[in-house]
Each structure stands twice: as C-alpha cells, then as structure tokens.
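The values are calculated or read from the model by the stated rules, or taken from the named source; none is laboratory data. Since this is a predicted model, take the numbers as computed values, not measurements. Backbone-built Cβ (ideal geometry, glycine too); neighbour counts: all protein chains shown. Ligands, DNA and RNA are excluded from the accessible area calculation, which covers all protein heavy atoms including side chains. Shrake-Rupley method; radii C 1.70, N 1.55, O 1.52, S 1.80 Å.
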Amino acid sequence: MKENVNHIFNLVNKELERQRNSIELIASENFTSLQVMQAMGTVLTNKYAEGYPGKRYYGGCEVVDEIETIAIQNLKKIFNINWANVQPHSGSQANAAVFLSCIKPGDKILGLDLTMGGHLTHGSPANFSGKNHQALFYGLNRDTGLVDYQMLEQTALQQKPKMIICGGSAYSRDWDYKLIREIADKIGAVVLADIAHTAGLIASGLLNDPFEHCHIVTSTTHKTLRGPRGGVIMLRHDFENPWGIKDNKGQLRTMSQLLDLALFPGVQGGPLEHVIAAKAIAFEEVLQNDFKVYSNQIISNAQTMSGAFTERGYNLISGGTDNHLMLVDLRNKNLTGKKAQEALEKANITLNKNTIPFDDKSPFITSGIRLGVPAITTRGLKEMEILKVVDLVDRVLTNADNETEIKLVRKEVLSFMQEFPLYPELYFRQFS
Ligand code: PLP
C-alpha cells in the first residue's frame with residue numbers, strides 16, 4: 001500500500017518536472033498560483049454540502065457557506081453581475097445545467113461547428129448536447145475565417161432553434177454578441193455565451209462584454225481566468241423567464257432559480273467545496289491590478305506570436321488573433337497537425353493538433369495546430385521570448401523528421417525554461 005501511494009506521489013513530482021521543463025502552448029491550460037493549489041488540498045474535500053449557502057441538505061455547513069459566499073461575491077465583482085453559481089465541477093457541467101434549465105429534449109440548438117472551433121457541449125453528436133437535442137451549426141466564412149453571421153442568421157430564421165450558443169475552443173477572434181442577440185430576439189431564442197476560453201480577457205475589459213447582450217454566460221475557471229479546474233454560471237441581471245419555463249412542480253421560476261435547480265439536483269450532487277475555496281482565491285487574484293497587466297501581456301504576446309509565424313510563411317486562420325490563441329493551417333508546410341504535435345512533443349513543446357475550417361482530414365490527423373499563450377505568459381515570457389518560442393517551434397516543424405535537430409531544440413528548451421522557474425519551492429513529499 002505505502003509503496004503504491006508513494007508511487008503516485010513520485011508520478012506527481014514527475015508531472016511537476018514535465019511542466020517545469022516544457023514550453024506549454026496548449027491554449028486551454030494555465031498555471032494557478034500556489035495559494036489556489038493549496039486550497040484544493042485541504043479538509044474541505046471531506047465536506048458534503050448539497051444545496052446552496054444558507055439552504056443545505058447537510059449539517060455543519062457554516063464554514064463552507066462562508067467560503068462559497070465569498071467566491072460568489074468575488075465573481076460578481078469581476079464581471080459586474082448580480083447572480084452567479086460557482087458549483088459546476090467543470091465547464092461541461094455548467095453548460096449541461098443551462099440546457100436542462102432552458103430547453104427540452106428534442107429542442108433545436110444552434111452553435112459553432114466543432115470542426116470550426118466550437119466545443120463538444122455546443123451540439124456534438126458525441127455529447128449530451130447533440131444526443132438530447134437537435135443540433136444545428138453555423139461555421140466560419142471560407143475566405144475570412146470569421147464567424148459567418150449571415151449563415152447563423154439564415155439558419156436561425158429558418159430553423160428557429162430554442163437556443164443559440166456563442167463562444168468556442170479554437171476561435172481566435174472576438175464575438176459580435178449584440179448581433180447574435182438581435183438575431184435571437186427575432187425568433188425568441190435564449191442566447192448562451194460560453195466564455196470558457198476568454199473569461200480572463202473579458203474580466204480585464206480587453207474583449208467585448210457578453211453580459212450586455214447574452215441571457216446566460218458560462219465559463220470554465222482554469223483557462224485565462226487562471227483558477228482551479230471548474231466551471232461557473234452567471235447572469236448580469238436575474239430575470240423572470242420570458243419563455244414560461246416551469247420547474248418539476250409546474251411552478252414558474254426566475255432564471256437564477258431555474259439554473260440553481262438545474263445544476264443541483266439536476267446535473268450534480270455535492271459541490272466540491274475545496275475547489276470552490278480555490279475559485280474564491282483565484283477570483284480575488286483576478287480583482288487585483290496585476291491581473292490586468294497579465295491579461296494585457298497575453299494579448300501582446302499572442303499578437304507577437306501570430307505576427308512572427310506569419311512572417312515565417314505560416315497561414316493563420318483569419319490572419320491573426322484578437323485573443324490568447326491562434327490556429328495555424330499547416331497545409332502549405334506539408335505537415336499534418338498530428339505529425340506536428342508529435343514532433344514538437346519530442347522537443348518538450350506542448351500543444352494540440354486541431355481541425356481547421358473545411359478540413360479534409362479527420363480530427364485524429366487534422367491539418368492544423370492550435371497555440372495559446374496564457375501559460376507561458378504566466379511563466380513570465382514577454383515579446384522577446386515569444387520570438388524565441390516561435391523560432392524553436394519553426395525549427396521543429398521544418399525538421400519534423402530530423403531527430404538530431406529535434407534533440408538540439410529540446411536541449412535549448414530545457415535551458416530556456418530554467419530561466420522562468422515554475423513553483424521553485426514545490427515538491428510533493430513521500431509519506432512514510
Ligand atoms: N466550453 C468551452 C468553450 C471549452 O473550451 C471547454 C473546454 O475546453 C468547455 C466548455 C468544457 O470545459 P471542461 O473541460 O471543464 O468540461
């Protein structure tokens with residue numbers, strides 16, 4: 001037993017070393033602060049707290065009530081909103097609760113196609129969203145790489161979906177929330193903005209504000225928001241539900257009540273109070289001025305990176321980025337996304353293969369890669385270092401079959417990343 005437990009801690013230390021020694025370009029990842037991580041490894045994990053602060057199904061919840069209330073208050077301050085639920089275990093759970101609260105099985109939904117940058121929970125046939133609902137999709141314009149709002153409008157007016165979803169996982173441009181709401185209003189649809197990727201940039205006022213126009217906003221907390229792995233659901237203003245949706249007992253409820261009920265008991269059981277404590281701390285960090293500096297650096301680093309790739313002859317979907325990520329079309333480089341990802345991994349550069357709009361290759365092969373800068377920006381890389389990252393990536397991609405060159409790049413990556421220490425004091429001790 002002891003040996004096996006220690007084996008797990010050895011593996012955790014191995015993962016710590018992997019993170020320290022890699023250039024992390026996965027757009028959905030980040031490095032939380034030590035205080036955020038510490039909150040997750042506490043006695044709060046022992047506590048059952050089904051329900052919400054002040055209305056729990058278990059005794060002994062006075063402490064977690066206080067913690068969850070602080071998390072909610074902090075999140076409200078960040079986005080200038082008047083209602084939030086911080087219990088979703090993940091972004092997917094947050095979206096599941098929105099679906100459960102607003103629409104019925106079989107109802108039509110309209111989201112960005114997964115192969116064009118959408119998310120599984122926006123209608124993929126492999127996901128609850130596509131299995132339980134009739135999923136319709138809009139895409140990107142073939143020439144511009146931008147969301148095809150004309151297609152969105154045409155599909156919405158013809159098909160009359162009950163819900164329109166905006167936001168995505170691999171879209172590098174900002175969203176026209178105002179236009180989407182105008183379209184939705186023509187057919188009485190709910191607008192859900194899923195800001196999982198861009199929440200931190202929105203919090204810092206660097207991208208359009210979805211709360212002004214969208215009925216409901218969901219997010220993850222672990223990407224640009226730099227918190228623990230988890231989700232949230234938010235409303236700027238609570239409202240009487242205009243769609244006349246009723247709860248299980250046939251009662252009309254406000255939107256916030258419907259969402260609370262949909263998450264618990266609809267989708268989840270007990271909340272993860274240790275993660276909620278970590279969310280409260282991460283939200284406190286977002287409220288500091290430093291976080292704005294960080295978000296600005298993300299944008300500047302992403303623009304430096306996209307400019308440098310373009311100069312080296314790489315084709316970027318939509319020609320660049322407004323946010324923290326970019327999608328590179330590798331077809332003119334005679335490489336697949338899979339091959340690129342594997343070659344880069346050998347050089348300790350981590351990113352993911354990604355379909356590009358109108359890709360003729362499967363999601364397992366793909367013609368593109370997605371790169372994001374939130375994690376390396378947290379490590380302290382600025383414009384000069386971003387140019388070096390682009391050079392290292394380019395050297396691997398232009399020598400994808402040259403093991404000797406890849407080994408040389410790996411050596412450079414190792415010494416380069418030592419200049420940006422990650423959790424320098426951290427070590428997970430063995431238990432005896
Ligand atoms: N929504 C979007 C847009 C995402 O990018 C993601 C995750 O990548 C999610 C939802 C789901 O989040 P999770 O992995 O926490 O379920």
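Structure above, values below:
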| read-out | value |
| --- | --- |
| Directionally averaged projected area (convex hull, Cα atoms, the range 20-112), nm² | 9.7 nm² |
| Probe 1.4 Å, protein heavy atoms only - accessible area per residue of the range 290-417 in square angstrom | 41 Å² |
| Whole-Å semi-axes of the range 37-286's equivalent ellipsoid (Cα gyration tensor) | 30, 20, 15 |
| Radius 10 Å from Cβ of residue 254, net charge of other residues (Lys, Arg +1; Asp, Glu -1) | -2 |
| The range 290-417: projected area of the alpha-carbon convex hull, averaged over directions, in nm² | 7.5 nm² |
| Cβ-placed point charges (K, R +1; D, E -1), dipole of the chain about Cα centre in debye, nearest 20 | 680 debye |
| Partners for residue 346 among lysines (Cα-Cα distance below 20 Å; same-chain residues under 8 apart left out) | 14, 333, 338, 388, 407, 411 |
| Computed log₁₀ I(q)/I(0) - Debye formula, equal Cα scatterers, no solvent, the range 345-432, q 0.18, 0.21 Å⁻¹ | -0.93, -1.10 |
| Rounded percent of accessible protein surface that carbon and sulfur make up, the range 290-417, 1.4 Å probe | 49 percent |
| Inter-part distance where the range 122-143 and the range 347-393 are each reduced to a Cα centre, Å | 25 Å |
| Per residue, the convex hull volume that the Cα atoms of the chain enclose (Å³) | 153 Å³ |
